[in-house]
Amino acid sequence: MDEIEVWDVDFEEIEIDGVEVSIETRKSEHNRKVKGMYVGIDPGTKNLGMAVIDSKEIYLFQIKIDRPKDSIKRMKVIRKVFARCVNWYEYNTMLVIEGSAYSRAFREAELSEVRATAVWWGLGNGFDIYMVKPNSVRKVVFGNGKTKPQDVWEGIPPDAANALACAWWGIKK
């Protein structure tokens with residue numbers, strides 16, 4: 001797997017619709033020939049990751065959201081966070097969302113809302129959308145469904161690493 005050497009890190013704390021959001025952004029170059037743009041999302045109710053691979057660079061976003069209790073407000077805030085992180089698009093953009101590993105009752109409905117919000121946002125921007133189980137992403141990207149992205153890409157926050165694996169899945173697909 002490719003080494004990811006991060007060369008620029010930025011951190012911002014913002015308020016979106018009265019909700020505190022912190023976004024840690026990491027940027028790196030890559031040397032693959034990539035046509036189009038690949039966006040990966042690791043959904044979460046409080047912590048989530050996004051990764052963007054375009055023709056020259058990789059952008060990683062580790063996002064923390066003060067989780068609103070109101071589900072509609074939660075979805076609105078998350079959609080605005082997606083739009084803030086990815087505010088440019090290239091022709092032929094693929095969005096890969098990490099699906100459910102297995103069904104759990106605890107917060108599974110809220111995770112489904114985050115996935116649905118990602119789909120809603122991606123459809124609104126004309127992306128080709130895929131939802132892929134984590135072990136399927138890992139098999140394609142690392143050759144083993146049990147390999148954890150944060151173990152391969154040390155120093156990258158776990159949610160951003162999972163999102164990056166989703167984006168690489170799109171390239172390898």
Förster radius 41 Å - calculated FRET efficiency between GLU5 and LYS69, Cβ distance, rounded to 0.05: 0.55
When each of LYS76/LYS172; LYS27/LYS133; LYS56/LYS173; LYS35/LYS139 is checked by Cα-Cα distance, pairs over 29 Å: LYS76/LYS172
For ILE16, list long-range residues whose amide hydrogen, built 1.01 Å from N in the peptide plane, is under 5 Å from its own amide hydrogen. VAL21
May I ask what percent, to the nearest 5, of DSSP beta bridges between residues of the chain are antiparallel? 75
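Evaluate E = 1/(1 + (r/R0)^6) for LYS56 and SER112, where r is the Cβ-Cβ distance and R0 equals 45 Å; express this FRET efficiency to the nearest 0.05.
Calculated transfer efficiency: 0.85.
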Kindly give Rg over Rh for the range 82-173, based on alpha-carbon atoms, with the Kirkwood expression for the hydrodynamic radius. 0.96
What would the Debye formula give as log10 I(q)/I(0) at q = 0.14 Å⁻¹ for the alpha-carbon point model of the chain, no solvent? -0.67
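What does the charge add up to near ASN144, with Lys and Arg as +1, Asp and Glu as -1, over the other residues with Cβ less than 12 Å from its Cβ?
+3
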Around CYS166, what is the net charge, scoring Lys/Arg as +1 and Asp/Glu as -1 over all other residues with Cβ under 14 Å from its Cβ? +3
For the range 7-96, what value does the Rg/Rh ratio take when both radii are computed over Cα atoms and Rh is the Kirkwood radius, given to two decimals? 1.00
GluC sites (Glu not before Pro) within the range 109-173, DSSP loop, no more than 11 other Cβ atoms inside 10 Å: GLU154
In whole Å, what is the distance between the alpha-carbon centres of the range 121-173 and the range 12-46? 13
Candidates per GluC sites (Glu not before Pro) in the range 1-84, loop by DSSP, up to 15 other Cβ within 10 Å: GLU3, GLU5
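A short reminder: the numbers here are calculations on the coordinates, not readings from a lab. As the structure is a prediction and not an experimental result, all values here were calculated from the model. Counting neighbours? That spans all protein chains shown, and the Cβs are built from the backbone with ideal geometry, glycine included.
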